Every structure is written in C-alpha cells, then in structure tokens.
1. Which ³J(HN,Hα) values, rounded to whole Hz and listed in residue order, are derived for the range 90-102 from phi using the Karplus coefficients 6.51, -1.76 and 1.60 in 6.51 cos²θ - 1.76 cosθ + 1.60 with θ = phi - 60°, glycine and proline given as x?
2. Based on Cβ point charges of +1 for Lys and Arg and -1 for Asp and Glu, what charge dipole magnitude is obtained for the chain about its Cα centre, in debye rounded to the nearest 20?
3. Across the range 1-124, how many lysine pairs, 8 or more positions apart or on different chains, have C-alpha atoms separated by under 23 Å? Please give the number.
4. Provide the gained length on full extension for the span K183 to Q161, in nm with one decimal, where the gain is 0.36 nm per separating residue minus the Cα-Cα distance.
5. Carbon and sulfur together cover what percent of the accessible area of the range 23-100 at a 1.4 Å probe radius?
6. For Cα Rg over 2.2 N^0.38 Å, the listed values are (i) 1.03; (ii) 1.28; (iii) 0.92; which was obtained by calculation from the structure presented?
7. Return the long-range amide H neighbours of I175 (sequence gap of 5 or more, or a different chain), with a cut-off of under 5 Å between placed amide H atoms.
8. HN-Hα J couplings of the range 118-134 from phi, Karplus 6.51/-1.76/1.60, θ = phi - 60°, integer Hz, Gly and Pro as x?
Amino acid sequence: MSTSAPKGIMESVKDKLVGSIKGSGEVLNTVVDTVSGTLVTTIKGTGAVGTALTSAVSDVLRGAITGTAQVGGDLGATAKGGVIGVLKGTKEVGAEAVGTVGTSARVLVKSAAEVGGDVGLVARNAVEGAIAGAKSVGISAEEAASAAATGALKGAGEISQEAVDQVRKAATGVIAGVKVVVKEPFK
C-alpha cells in the first residue's frame, strides 16, 4: 500500500479514531497512539523527510480532527494528543521535533476551523501537548510551546483575523506553568 494517496492516510486515521473513540470514549490516549503509530509506519514505509514528513503529519492530524468531530469527541483532547503523538512518532524515526510541532499546531487549528471547532481551544491544547511531550524528545518546554503557539497563529492567519485573535488570546501567556512566547510578529 506504499502507493496510497495522502487522502488514504487521512481516511485511515479518521476511520481508526471513529471506531476507537466510539468503542472506548477515550480521546487523548487513542489519538496519541493512533497518530504516533501511523506516522512511524508512514515514515518508515516511505522514508519521508522534509516536505513528505510535513505532508504525512498534516494528513494524520487532519484525519484525527475529522474523526473526532464525526463522533462528537473533544477536539481539545485531540489537539493535545495529536501533538504528543507527533512528537513520539518523530522521535521514534529520528525526525526534527521543533518544526513538526509548529506544523502540527498550524494543521490542527486549520482542521478545527474546517469542522466548526473552537480554534482557541484547539490552539491552547496543542501548546499543552507540546509542553507535555517536549521532555520525551529532548527539547525544552519553552521551545516546544513557542513553536506550537507560533504554528497555531500561522494556521489562524490562514483562516481569518478573528481566528488570529482567538488563538493569540488562548495560546499565549503562561500555559501549564510555561511562559509561551510567539517567535514572529503576526498581523
């Protein structure tokens, strides 16, 4: 199945999560396991790096948000679990962690907007996930939180000014005891 289209990854993750969440009601751990497992399998199967890795992360997280929304699950828990899962998956295959955190948060915010979810809630939980998963991959909580907040704001900037305001309010300041600093100026 190495020739599967990106939609195949997204649909696979979505279907896996829909079944698991319906079965257990557990969102956070289900998302962590599904995201990290799918990324490891995809990356090892294709040798994905750079743009291909970014694409795989995007497809996996879009599938996670879409699947969770389909069953009425907690998108905040999905965002947090998604970032932790991406960090676990990238560590296992030796991929760069900080860049994938920013990409993850951007995709999660945009995907939440696509399904009518709360972009502020998703952004904050993505930052919390980055903080929770940072130590396990050898990056500082501050660096991970900053990358997530910056990525979330980039995603919001691709949606609307209102989304930027919601994300800035939700994903900056002190979160989980870590001062979150956005690295770039945003409109």
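1. Computed from phi, the couplings for the range 90-102 are 5, 5, 4, 9, x, 8, 5, 7, 4, x, 6, 5, x Hz.
2. 140 debye
3. Pairs that pass both the separation and distance tests number 24.
4. That pair, K183 and Q161, stretches by 6.1 nm at full extension.
5. So the carbon and sulfur contribution to the accessible surface is 52 percent.
6. (iii)
7. Long-range HN contacts for I175: V180.
8. 7, 5, x, 4, 5, 4, 4, 5, 5, 5, 4, x, 5, 5, 5, x, 4
The values are calculated or read from the model by the stated rules, or taken from the named source; none is laboratory data. For clarity, every value in this text was computed on a predicted model and none was experimentally measured. Reconstructed Cβ throughout: ideal geometry from the backbone, glycine too, with neighbour counts over all protein chains shown. Just the protein is used for accessible areas: all its heavy atoms, side chains included, with ligands, DNA and RNA removed. Shrake-Rupley method; radii C 1.70, N 1.55, O 1.52, S 1.80 Å.
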